[in-house]
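Everything on this sheet refers to the single structure shown next.
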Amino acid sequence: MEIFDNDLNAEVIGFGALNVDKLYSVENIASKDEESFIKGETDTPGGSAANTMVGLSRLGCSTSIIGKIAEDDDGDLIEYNLAINGIYTNNLIYSETGATGKCLGFVDSNGERCLYIDPGVNDEIRLDEINPLNIMRCKIMHYTSFVGDSFNTQIELLDLLNKECILSFDPGMLYVQKGFDELKPILDRTDILLINESELRLLCNNNESSLKELAIGFLDMGIETVVIKQGSKGVFAMNNNETCEVESYKCDVVDTTGAGDSFNSGFLYSYLKGYDLGKSCQIGNWVASKAIEGFGMEKFPSLKDLEDFF
Ligand SMILES: Nc1ncnc2c1ncn2[C@@H]1O[C@H](COP(=O)(O)OP(=O)(O)OP(=O)(O)O)[C@@H](O)[C@H]1O
Ligand SMILES: O=C(O)C[C@@H](O)[C@H](O)C(=O)CO
């Protein structure tokens, strides 16, 4: 029997930049006019949506990713990583020209970091390169950011999503900097908003209101669930039935790059399982705490680790 792309039925599909994260461990992150030194370097396949799909796949969910890579070593590394983690590559788009996206990161001894994105071919995704049949049956579409024009393709794709498809959206700083009005077409279709506190305050241009007040503003817009990530403090989350503040887990932090992406994996896994908001946040926090004990996704927990713990 012939197997077509659209026979691969992913429960969750990510749509975001595909990068190779080139992470340098440094003593201190240098500010303007300062100098610091590099202690080590690791190249890990990254991209926020891809990290979340890898995490979900390790937790036993079927996943796929809409993204673009070039025919270069970084593209090969990304494709290999997706394949070995069991992510369907049927929505990958290959560019014959240009370079695969890169994310240069400097990580200090406390696991804090700064990132610089070189988007490469990530920014050239057109709607006609996405097979609508491949996305018809997914339960969750998870959007993360692009530096440039693929943002418009994400907006165009919204019309092709099934009504039943849950849209989860982690705008990250790149999209938040666009401002509320530009993001509104996506926010209007969003069911789950995953955002960190500083991004939320910037998006709402509001440093005074409580997280609860800001979350209510999004619930009033029709977003079903708002999750506000607060780093080592944990998360604040709200839907129309529940409000919760869930503490993070103590852990030996090595690299917080992708902490939010790993949280998203644990949270979306729990959402698919039908767990309540509090438990979903607890699982998200736990998954993130495991993931940040290593670089990239190396320490990301498996379904067995999760089942042994909870
Ligand atoms: N130092 C820490 N100790 C324990 N847990 C942490 C720590 N930092 C982050 N986490 C966990 O990771 C989750 C997400 O972290 P954070 O709020 O930094 O998200 P983010 O800013 O979206 O992350 P990213 O670095 O991927 O952009 C937190 O809610 C928490 O569960
Ligand atoms: O913005 C992105 O999607 C890319 C970065 O988040 C980076 O590649 C990464 O993996 C950080 O987790």
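Note that the range 244-310 carries a Kirkwood radius of 11.7 Å, evaluated over its alpha carbons pair by pair. As a fraction of the 1.4 Å probe accessible area of the range 12-309, surface on carbon and sulfur atoms comes out at 46 percent.
Grouping the Cα pair distances of the range 67-187 into 5 Å bins from zero gives a pair-distance distribution of 2, 9, 17, 21, 22, 17, 9, 3, 1, 0 percent in increasing distance order.
What separates the Cα centres of the range 46-111 and the range 239-310 is a distance of 20 Å.
Along the axis of the charge dipole computed for the chain (Cβ charges of +1 for Lys and Arg, -1 for Asp and Glu, origin at the Cα centre), the listed residues Phe37, Ser109, Val226 are led at the positive end by Val226. Given R0 = 35 Å, the distance between the Cβ atoms of Asp73 and Glu224 translates into a calculated FRET efficiency of 0.25. Of Tyr116, Tyr271, Tyr175, the residue with the largest accessible area leads and the full order is Tyr116, Tyr271, Tyr175 (1.4 Å probe). Overall shape of the range 82-143 was characterised from the C-alpha gyration tensor. The equivalent ellipsoid obtained from it has semi-axes of 28, 17, 12 Å, in decreasing order.
Working from label points 7 Å from Cα in the Cα-to-Cβ sense, the Ser209 to Ser109 distance is 4.2 nm. Label sites at Thr42 and Asp159, each approximated as a point 7 angstrom past Cα along Cα to Cβ, lie 4.4 nm apart.
Between Ile29, Ile186, Ile195, the GNM of the chain built on Cα springs shorter than 10 angstrom shows Ile29 fluctuating the most. Using a probe of 1.4 angstrom and keeping all protein chains present, the accessible surface of the chain works out to 46 square angstrom per residue. Distances between every pair of Cα atoms in the range 107-173, grouped in 10 Å steps from 0 to the bin holding the largest one, split as 17, 43, 25, 12, 3 percent. Size descriptors for the chain: radius of gyration and Dmax over Cα atoms are 18.4, 63 Å.
Rounded to the nearest 500 deg cm²/dmol, what is the calculated helix-only ellipticity per residue at 222 nm for the chain, with -39500 (n - 2.57) per DSSP H run of length n ≥ 4?
Details: 11 runs with 105 residues, N = 310.
Helices in the chain give a 222 nm mean residue ellipticity of -10000 deg cm²/dmol.
The values are calculated or read from the model by the stated rules, or taken from the named source; none is laboratory data. All figures in this text were calculated on a predicted structure; none of them were measured in a lab. A quick note on method: Cβ atoms are made from the backbone with ideal geometry, for glycine too, and the neighbour counts reach across all protein chains shown. Only protein heavy atoms, including side chains, enter the accessible area calculation; ligands, DNA and RNA are left aside. Shrake-Rupley method; radii C 1.70, N 1.55, O 1.52, S 1.80 Å.
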